[in-house]
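**Q** My structure is below; once you've seen it, I'll send some questions.
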Amino acid sequence: MTVGTRSLEDSFATVPVPHGAGFWRRLAAFVGPGWLVAVGYMDPGNWATDIAGGSAFGYTLLSVVLLSNLMAIVLQSLSARLGIGAGLDLAQACRRHTSRPVAIALWLLAEVAIIACDLAEVLGTAIALKLLFGLPLVWGVVVTGLDVFLILALQRFGFRRLEAFIASLLVIIAGCFAMELFWAAPDWAAAAGGLVPRAEVVTNPAMLYIAIGILGATVMPHNLYLHSSIVQTRAYGEGEAQRHDALRLATIDSTVALGLAFFINAAILILAAATFHTAGRTDIAEIEEAHRLLAPMLGVGAASAVFAIALLASGQNSTVTGTLAGQIVMEGFLDIRLPVWVRRLVTRGIAIVPAVLVVAASGDRGATDLLVLSQVVLSLQLPFAVIPLVAFTASRRLMGAFAAPRWLAWLAWTIAAVIVILNAYLLWGVATG
């Protein structure tokens, strides 16, 4: 196990693990990091792509949501493997085991991904504030800069309290969408059929654009950095057997949490398909428009308010994990420490400026287009996080006994190849019109 500067040093090994206790008590100690990771798979960017996909194409893109989630489960298990097996987060591994020019390039690309993610959080939270309180979108964007104080307050109470806060908001989001699906009464047989992949997803350019947006919104680059770090907040010990047990429990935690993320992503798309697509409204792509139409189309007055509450919870959750990911990326690649509030203000400031300009110039429609574009940008950044992760975890020199078994390495390389091919196809399509 590599020894050096610890990832998230203030929180490293601060959560005790009851060694020698039963399975369920040990698992309970590991529940948390997976839920922080799951947040990134249901942020406001997902809402934009899932609403657009469900409205335009019905249940067809559910297969993309499912495949993206399965890819996420594999990749997040590799992130946990790197953190526990090598004692490094992904940013630290890139800095230590690649050339300096490559590491700098990967750092810059990771920062672009975090800014794109933060842009989605800014816009999503601002839209939720407008829907709930009537706050103009531009002012909502500005207000999101103040959530740095929420992060600072949460971190003062320890990592376990931070995880509890995140889990509470996830439960609220899941409960909101369970209610929405009850009111929407979707065609469950058609929804089940949508889980089967179709060639049309690749051959239809409009569908492919949304599909890659869903992929970018689901498998998020910054989550790979985040998970490899926060699994190390557990005091699982230095012994090989203890770390193997930790890896097994951390994988269970992230797999269960990503199961909830799949439910929420699928619920958003199913809601859009059942409410808008079946009524012939295939043009609904804006979160605000979906909010406005939900209550009258479902015949339930509370439907729109519940939708907005879930959106606000989603934006705040994503804010917390985005901050942590930004801290991990900067510290890991550059080996420097900045106060969390400085890091947060810099990242959020970079996201707020384009958001304010676009909203002021183009209004609400521009905000939604920017949300979807941010998710496509995230997808384009994915290979530059996925390929190093797969290469590191397959390396027996780096990982020793924790190197990914051959079947897992091949599966991960296949996932990486699919991501690269889809992104290349998208770029070719954009270049050729």
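**Q** Given the criteria within 21 Å of Leu215 (Cβ to Cβ) and in contact with a Cys (Cβ under 7 Å, 6 or more places away or on another chain), does Gly259 qualify?
**A** Numbers: within 21 Å of Leu215 (Cβ to Cβ): yes; in contact with a Cys (Cβ under 7 Å, 6 or more places away or on another chain): no.
For Gly259, the condition - within 21 Å of Leu215 (Cβ to Cβ) and in contact with a Cys (Cβ under 7 Å, 6 or more places away or on another chain) - is not met.
**Q** Would you call Ile73 touching a helix residue (DSSP H, G or I) at 6+ places or on another chain (Cβ under 8 Å), within 17 Å of Ala416 (Cβ to Cβ), of a type in the set (Val, Ile, Thr) and in a helix (DSSP H, G or I)?
**A** yes
**Q** Hand me the list of helices (runs of 4 or more DSSP H) wholly inside segment 154-265 holding 2 or more residues that are at pLDDT 90 or above.
**A** Hits in segment 154-265: 159-184, 188-194, 221-230.
**Q** Turning to a different aspect of this structure: Identify the residue in segment 283-340 that is under 25 Å from Ala110 (Cα atoms) and of a type in the set (S, T, N, Q) and, among all such residues, is surrounded by the fewest Cβ atoms within 10 Å (Cβ to Cβ).
**A** This residue is Gln316.
Results for (1) of a type outside the set (Phe, Trp, Tyr); (2) touching a Cys at 6+ places or on another chain (Cβ under 9 Å); (3) open to solvent by 10 Å² or more (accessible area, probe 1.4 Å), shown as yes or no for each residue.
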{"site": "Trp24", "(1), (2), (3)": "no, no, yes"}
{"site": "Ala56", "(1), (2), (3)": "yes, no, yes"}
{"site": "Ser63", "(1), (2), (3)": "yes, no, no"}
{"site": "Ala80", "(1), (2), (3)": "yes, no, no"}
{"site": "Arg95", "(1), (2), (3)": "yes, no, yes"}
{"site": "Val102", "(1), (2), (3)": "yes, yes, yes"}
{"site": "Trp107", "(1), (2), (3)": "no, yes, yes"}
{"site": "Ala120", "(1), (2), (3)": "yes, no, no"}
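**Q** Among (1) under 28 Å from His291 (Cα atoms); (2) within 21 Å of the chain's Cα centre (by Cα); (3) surrounded by fewer than 24 Cβ atoms within 10 Å (Cβ to Cβ); (4) not small (Gly, Ala, Ser), there is one condition Leu131 misses while meeting the rest; what is its number?
**A** Checking Leu131 against (1) under 28 Å from His291 (Cα atoms); (2) within 21 Å of the chain's Cα centre (by Cα); (3) surrounded by fewer than 24 Cβ atoms within 10 Å (Cβ to Cβ); (4) not small (Gly, Ala, Ser), the one that fails is (2).
**Q** For the condition closer than 30 Å to Thr432 by Cβ and of a type in the set (Gly, Ala, Ser), what is the one hit in Ala274, Ala267, Ala285, Ala305?
**A** Sole residue among the options that is closer than 30 Å to Thr432 by Cβ and of a type in the set (Gly, Ala, Ser): Ala285.
**Q** Could you name every one of the helices (runs of 4 or more DSSP H) located completely within segment 268-384 that has at least 2 residues being at pLDDT 80 or above and farther than 22 Å from Cys176 by Cα?
**A** 303-334
**Q** I need the full set of residues from segment 250-277 which are surrounded by 24 or more Cβ atoms within 10 Å (Cβ to Cβ), over 20 Å from Met297 (Cα atoms) and either without any contact (Cβ under 8 Å) to a residue 24 or more places away in the chain or in contact with a Lys or Arg (Cβ under 9 Å, 6 or more places away or on another chain) (or both), in order please.
**A** Ala250
The values are calculated or read from the model by the stated rules, or taken from the named source; none is laboratory data. What you see is a predicted model; the values in this text were computed from it and never measured. Note that each Cβ is placed from the backbone with ideal geometry, even for glycine, and that neighbours are counted across all protein chains shown. Side chains are part of the model used for accessible areas, which takes the heavy atoms of the whole protein and leaves out ligands, DNA and RNA. Shrake-Rupley method; radii C 1.70, N 1.55, O 1.52, S 1.80 Å.
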